[in-house]
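Structure, as structure tokens:
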Protein chains: 2
Amino acid sequence: MNKTDATILKIGGSVITDKNGELTAQTQVIDRLANEVEKADTRNLIIVHGGGSFGHPAAQRNAIKEGLRDPKQLVGFAETHHFMTVLNGLMMDSLIMHNVPAVSVTPSSCITTENGRIKSFEDTPLKMLLETGFLPVLYGDAVIDTKLGFTILSGDQLVSTLATKFNADRIIIGVDVDGLYDADPKAEKTAKLFTHLTIDELKKLKSKLGKPTVCDVTGGMFGKIEELLPALERGITATIVNATKPNHIYRALKRDSIEGTTIEKR
Amino acid sequence: MNKTDATILKIGGSVITDKNGELTAQTQVIDRLANEVEKADTRNLIIVHGGGSFGHPAAQRNAIKEGLRDPKQLVGFAETHHFMTVLNGLMMDSLIMHNVPAVSVTPSSCITTENGRIKSFEDTPLKMLLETGFLPVLYGDAVIDTKLGFTILSGDQLVSTLATKFNADRIIIGVDVDGLYDADPKAEKTAKLFTHLTIDELKKLKSKLGKPTVCDVTGGMFGKIEELLPALERGITATIVNATKPNHIYRALKRDSIEGTTIEKR
């Protein structure tokens with residue numbers, strides 16, 4: 001299959017929520033981003049957003065990622081999914097107010113995983129929504145898992161899967177820092193930003209950084225990018241930009257030059 | 001396949017919303033119903049709710065049922081779906097507050113129709129959610145239609161399809177009147193309630209009532225029941241009860257005797 005001109009835009013949970021307070025949304029940021037999406041008017045766009053302070057505390061409290069081990073977790077799963085739909089509702093509110101024909105597609109209604117990896121993705125409505133001219137919006141979600149009972153599906157895994165499924169030509173990752181650094185930019189002032197990386201450079205970086213899953217010195221960013229590798233291997237370009245800065249998402253959508261990290265196959 | 005002990009509970013949009021004001025929810029009624037569902041503790045239960053003043057005004061304003069004829073309708077479709085998710089969110093809020101492990105399953109994320117009739121229903125997550133012990137909650141929704149572009153999927157069609165799919169043994173229809181009458185009970189005080197009907201009696205009644213789709217003298221109830229015929233033909237019992245009256249849904253779920261209309265195959 002040839003690449004289409006589809007774009008997958010990820011909005012990190014840390015951009016649209018306040019991690020210091022459970023269920024605290026950054027509604028002004030959400031509205032600004034909806035406005036940027038409206039202005040950019042990108043066709044074949046799919047948005048995926050994270051959970052931030054809506055998804056994570058409930059998921060952690062109820063150990064949803066680890067799977068079903070106690071019937072008491074059932075209400076915790078229900079709660080985690082519900083909180084994600086509440087955050088998603090705020091995104092949808094803003095997008096529709098900005099006249100964007102955005103339609104939420106609920107991951108837990110069409111996806112199951114096996115040991116945390118997507119196993120079935122029933123996508124007839126999603127594909128037809130995109131073809132009809134809608135902007136589908138998905139999110140990290142609590143989902144049924146065929147081995148664990150249930151688990152958490154990250155927005156990052158979803159991004160990579162969607163990019164491959166729709167033969168996207170690019171992925172834009174909106175986060176709360178300027179891109180991928182050689183250290184956590186929130187902790188170390190001397191952290192150096194990578195502006196351009198190939199997959200080979202990324203892999204070399206990985207062996208240099210050690211085991212990011214155990215201790216990610218980049219502040220969690222490396223783990224997110226690793227999830228994108230299957231899409232990057234297919235030649236899809238990923239650009240990491242700071243979505244907390246006004247017009248950075250807009251400029252990325254418009255393919256204007258923008259501060260950030262671009263990762264390409266070669 | 002044998003019948004299971006699954007129950008499909010429909011909650012009419014007129015029960016949980018106020019038809020006189022757009023986007024006006026009857027939150028006290030929603031909370032009472034959530035409490036009744038918690039008390040009844042019914043296993044293998046699926047809930048479907050209607051749209052009332054959340055779904056209907058936006059759907060009508062944008063002619064969603066009639067299909068896609070103008071790109072301007074796209075935002076109207078997005079709005080209609082979004083409003084339904086807002087009403088659904090209020091239901092989920094209450095159910096989860098009452099410790100019910102309820103998980104919303106978004107019809108437009110897993111169903112497409114063809115000329116208004118369900119064509120594809122990708123149900124892997126729905127089936128597994130039910131098996132895992134969750135209470136799936138669905139609703140009338142704006143959906144993709146392979147012929148019309150999009151349309152409205154009624155909660156009633158969803159109920160009939162789910163009852164057949166899950167080999168339910170019963171359907172409970174919660175409405176804002178006491179059951180099926182020979183005239184509109186809201187308009188005619190002399191309207192007589194049917195307490196028990198067979199399919200044959202229902203069909204005779206239909207020829208007597210004329211064409212309910214053109215002018216439903218029963219106040220819209222006959223049309224809803226007609227949608228259930230495929231399920232009734234399979235031997236599934238349907239009971240119509242007044243969900244605005246406290247404990248009627250609870251008693252129906254507990255299989256206690258209750259004022260209403262029961263429809264059986266014979």
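The values are calculated or read from the model by the stated rules, or taken from the named source; none is laboratory data. Treat the numbers as computed from the prediction; the structure is a model and nothing was measured. We place every Cβ from the backbone using ideal geometry, glycine too, and count neighbours over all the protein chains shown. The protein model used for the area step is the full one, side chains on, heavy atoms only, and it has no ligands, DNA or RNA in it. Shrake-Rupley method; radii C 1.70, N 1.55, O 1.52, S 1.80 Å.
Here are some notes:
- Highest-fluctuation residue, B:Gly133, B:Gly55, B:Gly179 considered, GNM on chain B with Cα pairs under 10 Å: B:Gly133
- Inter-copy label distances for B:Met97: 2.4 nm (label point placed 7 Å from Cα along Cα→Cβ; shortest first).
- Using the 1.4 Å probe convention, the accessible area of region A:75-226 works out to 36 Å² per residue with neighbouring protein chains retained.
- When the surface is traced with a 1.4 Å probe over the full set of protein chains, A:Phe134 keeps roughly 10 Å² accessible.
- For B:Glu131, the label point sits 7 Å beyond Cα toward Cβ; its separations from the matching points on the remaining copies run 3.0 nm, from shortest to longest.
- Taking every alpha-carbon pair within the protein assembly as shown, the share separated by more than 28 Å comes to 56 percent.
- Charge dipole magnitude, Cβ of K and R +1, D and E -1 - region B:226-265, Cα centre, debye nearest 20: 240
- Radius 12 Å from Cβ of B:Gly260, net charge of other residues (Lys, Arg +1; Asp, Glu -1): -1
- Averaging 1/r across all pairs of distinct Cα atoms in region B:7-264 and inverting the result yields a Kirkwood radius of 18.5 Å.
- Spherically averaged projected area of the convex hull of Cα atoms, region B:72-187: 9.5 nm².
- For the protein assembly as shown, calculated [θ]222 nm from helices alone, where every DSSP H run of n ≥ 4 adds -39500 (n - 2.57): -12000 deg cm²/dmol
- Exercise: per-residue mean of other protein chain Cβ atoms within 10 Å, A:119-128: 5
- Counted over region B:44-154, the DSSP beta bridges are approximately 55% antiparallel.
- 7 Å along Cα→Cβ, label-point gaps from B:Arg61 to other copies, nm, shortest first: 3.5
- Buried accessible surface for the B/A pair, both sides summed and rounded to the nearest 100, is 3100 Å² with a 1.4 Å probe.
- Whole-angstrom gap from region B:92-123 to region B:227-266, using each part's C-alpha centre: 21
- Selection from A:Gly13, A:Ala238, A:Leu126, by position along the positive dipole direction of chain A (Cβ): A:Ala238
- Accessible-area value, A:Ser120, 1.4 Å probe, nucleic acids and ligands omitted, Å²: 30
- Surface composition of the protein assembly as shown: carbon plus sulfur atoms hold 48% of the accessible area, using a 1.4 angstrom probe and ignoring ligands, DNA and RNA.
- Heavy-atom accessible surface of B:Arg234, to the nearest 10 Å², is about 130 Å², with a 1.4 Å probe and all protein chains retained.
- Whether region B:1-148 is rounded, prolate or oblate, judged on the alpha carbon gyration tensor where a/c under 1.5 counts as rounded: oblate
- For region A:1-65, a crude dipole built from +1 on the beta carbon of Lys and Arg and -1 on the beta carbon of Asp and Glu, taken about the Cα centre, is about 280 debye to the nearest 20.
- Nearby lysines by direct alpha-carbon distance to A:Lys72 (threshold 27 angstrom, same-chain neighbours under 8 apart not counted): A:Lys19, A:Lys119, A:Lys147, B:Lys10, B:Lys39, B:Lys127, B:Lys254
- Across peptide B:106-116, the mean count of Cβ atoms from other chains lying within 10 Å of each residue's own Cβ comes to 5.
- Whole-number D in µm²/s for region B:20-99 (Stokes-Einstein; Kirkwood sum over Cα pairs; 25 °C, 0.890 mPa s): 175
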